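The values are calculated or read from the model by the stated rules, or taken from the named source; none is laboratory data. These numbers were taken from a predicted model, which means no experiment stands behind them. Cβ atoms come from the backbone with ideal geometry, glycine included; neighbour counts cover every protein chain shown. Heads up: the accessible areas ignore ligands, DNA and RNA and are worked out on the full protein's heavy atoms, side chains in. Shrake-Rupley method; radii C 1.70, N 1.55, O 1.52, S 1.80 Å.
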Amino acid sequence: MEPPARQSPRLAESFDPDEYRMTIGEHLEELRWRLILALAGFAVVLAVCLVFGTRVTTAFCAPLYETLQSRNLSPQLYVTQLGDSFMVFIKISLVSAAALAAPWIVYQLWLFVAAGLYPHERRWVTRYLPLSIALLIGGMLFVYFLVLPWTIQFFIDFGSAIPLPDTSVKVPATLPADGAALVRIPEFDGDPATPADRMIWINRLEGRLKMSLHGQVRVIPFGPQNLVAPLITLPDYITLVILMLITFGLSFQLPLVVMALARIGIVEIAALRGGRRYVYFGMAIVAAVITPGDVITATIALMVPLCLLYELGIWLAQWGRSEEPRMDADGRG
């Protein structure tokens, strides 16, 4: 008999694990084959991500770049070690490949696990797996377009607002009456097509001070006149972004966690409904800690989706409870 994972869809749907038993060697062989297919798919996606790794890095840095540019600060990131840029490139390529290849990897693992499940158990997994993936993607998009920009703006504005120490003696600058010694730097909406050597200008669109030196354009960094100037390193920023994406992507699995707790019987649906006030209070504290920007706006913006996800979990648990008699009649158990 062929292994259950390789049967036709119709036979796989009616497959009963009690009617088929594989030896340990057959289990290991099936697992080895699925892992080979999963790793092969990951390798193909990784090759593609390595080609577009620099563009993905630019997309990761876009929220920080836009914030620094809007504050008239130098929108450049820095590295402190020689291989930092290369290691960040590899890290982003691996993370992107893992995210893009995740459906294929999960599918291969599912073909291995599904062989030991009853039909009604397989239907429960296949029914909510698309929702889990959608919630994961939604959480990451929520971070990238809302939470991450607010977080960056708060920390940049807070650091740039620290003033210089007050000096007791202030000597005013002495300027010529006609202003002949003052130098005015020209501004352009872009870079000149053929800048002359040692020419200095301001790129108004990029908010950068540039200079042409020996045929190459150089950027002159500048910062605020207050005490603190941001000097952000590329590895630290990319690590922060990846951690936030993973954290919020997993936190958006809240509806499925709530539904699972109710279905297993750990928490009753009535207790989930009755404990709303305590759950919402805890969500408010978490939202205020995670989003330290505009406290009122950011907290509400994060609490609203979390509360909706919690209510969605209660609804799924109630709906799943009403589906149990029909599911038991169709399947086994």
(Q) Looking only at the stretch 273-289, how many residues end up being in contact with a helix residue (DSSP H, G or I) (Cβ under 8 Å, 6 or more places away or on another chain) and aromatic (Phe, Trp, Tyr)? (A) 1
Q.
Please go through (1) on the phi < 0 side of the Ramachandran plot; (2) modelled with pLDDT under 85; (3) surrounded by 14 or more Cβ atoms within 10 Å (Cβ to Cβ) for residue 205 and return the number of the only condition it doesn't satisfy.
A. (3)
Q | Matching residues, the stretch 212-235, being aliphatic (A, V, I, L, M), surrounded by 16 or more Cβ atoms within 10 Å (Cβ to Cβ) and not in a loop (DSSP other than H, G, I, E, B) | A | 234
(Q) Condition first: modelled with pLDDT under 85 and within 16 Å of the chain's Cα centre (by Cα). Can you find one or more residues in the stretch 269-291 that meet it? (A) yes
Q: Spot the failing condition for residue 111; the list is (1) in contact (Cβ under 8 Å) with a residue 40 or more places away in the chain; (2) among the aliphatic types (A, V, I, L, M); (3) surrounded by fewer than 16 Cβ atoms within 10 Å (Cβ to Cβ), and only one is missed.
A: (3)
**Q.** Given (1) free of Cβ contacts under 8 Å to residues at least 12 places away in the same chain; (2) in a helix (DSSP H, G or I); (3) open to solvent by 50 Å² or more (accessible area, probe 1.4 Å), number of the condition residue 260 does not satisfy
**A.** (3)
Q: Name the one entry in 77, 117, 148 that is surrounded by 19 or more Cβ atoms within 10 Å (Cβ to Cβ) and over 17 Å from the mean Cα position of the chain (by Cα).
A: 77
Q.
Just to check your reading of the model, which residue among 47, 5 is at pLDDT below 85 and either surrounded by 15 or more Cβ atoms within 10 Å (Cβ to Cβ) or part of a helix (DSSP H, G or I) (or both)?
A. 5
